[in-house]
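The values are calculated or read from the model by the stated rules, or taken from the named source; none is laboratory data. Because the structure is a prediction, the values reported are computed rather than measured. For neighbour counting, all protein chains shown are included, and Cβ atoms are generated from backbone atoms with ideal geometry for every residue, glycine included. Calculation scope for accessible area: heavy atoms of the full protein, side chains included, ligands and nucleic acids excluded. Shrake-Rupley method; radii C 1.70, N 1.55, O 1.52, S 1.80 Å.
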Amino acid sequence: MALRRVLTLPGLSSSGPQHWQSLWEARYGFTRVEQDDWEHPSKSNWLKRLEQVLDAEPEPVVLAAHSLGCALVAHVAKRLPEKVAGALLVAPADVDDADRTPEITRSFAPLPTKPLEFPATVVASRDDPFMAFERAAYFADRWQARFFDAGATGHINTESQLGEWPEGYELLFGATASLIIRTDGPFTSSG
């Protein structure tokens with residue numbers, strides 16, 4: 001069984017130092033896919049960068065995405081599903097809803113609804129300002145992903161004060177059932 005590398009995919013403005021993605025990178029050695037412009041996202045530019053990173057990987061990887069990063073996963077899934085071993089999709093941004101997400105995210109619309117060809121878990125909050133809970137459940141269903149109710153945790157970001165978010169880390173392993181994920185520490189497996 002191959003050891004899977006984990007790539008983090010932040011959303012708009014990236015993830016600050018106290019965001020769970022940043023904390024996971026520091027603790028477990030996960031790698032952030034850096035974009036040239038975090039403040040003015042472009043689906044074509046972000047997708048091109050992710051495709052370059054995936055093409056350079058010798059084995060399929062695990063993606064830990066947040067917000068707009070989830071939309072990026074849905075788009076790359078249409079083009080390179082064989083390069084993804086599994087995904088954790090946390091607090092997806094509803095790029096189709098102009099009342100919930102900024103205009104600068106509109107290039108990611110429409111959000112694909114094709115079933116994902118890899119195991120995935122969608123994590124949604126009941127009071128996320130960027131996606132209605134019911135809409136997140138709809139996308140999880142369309143993507144044929146597991147769905148996890150995170151309760152009232154806002155956008156599941158730094159402001160949610162989750163720290164390293166151990167519950168999310170456990171969900172990462174559930175999203176990638178039986179895959180062994182490479183970390184700086186001992187290898188960990190969910191199966």
So which pairs qualify, if the first residue must be in the range 67-86 and within 11 Å of Leu111 (Cβ to Cβ), the second must be open to solvent by less than 10 Å² (accessible area, probe 1.4 Å) and polar (S, T, N, Q), the Cβ gap must be under 7 Å, and the two must be at least 6 apart or on different chains? Leu68/Thr105
Could you check, for the range 48-60, whether at least one of its residues is on the phi > 0 side of the Ramachandran plot and either open to solvent by 20 Å² or more (accessible area, probe 1.4 Å) or not β-branched (Val, Ile, Thr) (or both)? no
Can you name the residue in the range 96-111 that is open to solvent by 40 Å² or more (accessible area, probe 1.4 Å) and aliphatic (A, V, I, L, M) and, of all such residues, is farthest from Glu82 (Cα to Cα)? Ala98
Hey, does the range 112-128 have a residue that's in contact with an Asp or Glu (Cβ under 8 Å, 6 or more places away or on another chain), of a type outside the set (Asp, Glu), open to solvent by 30 Å² or more (accessible area, probe 1.4 Å) and touching a residue at least 60 places away in the same chain (Cβ under 8 Å)? no
Condition met for Phe118 (under 24 Å from Phe30 (Cα atoms) and in a loop (DSSP other than H, G, I, E, B)): yes
Which numbered condition in (1) more than 22 Å from Glu51 (Cβ to Cβ); (2) in a helix (DSSP H, G or I); (3) open to solvent by 50 Å² or more (accessible area, probe 1.4 Å) is the only one that Ala140 fails? (3)
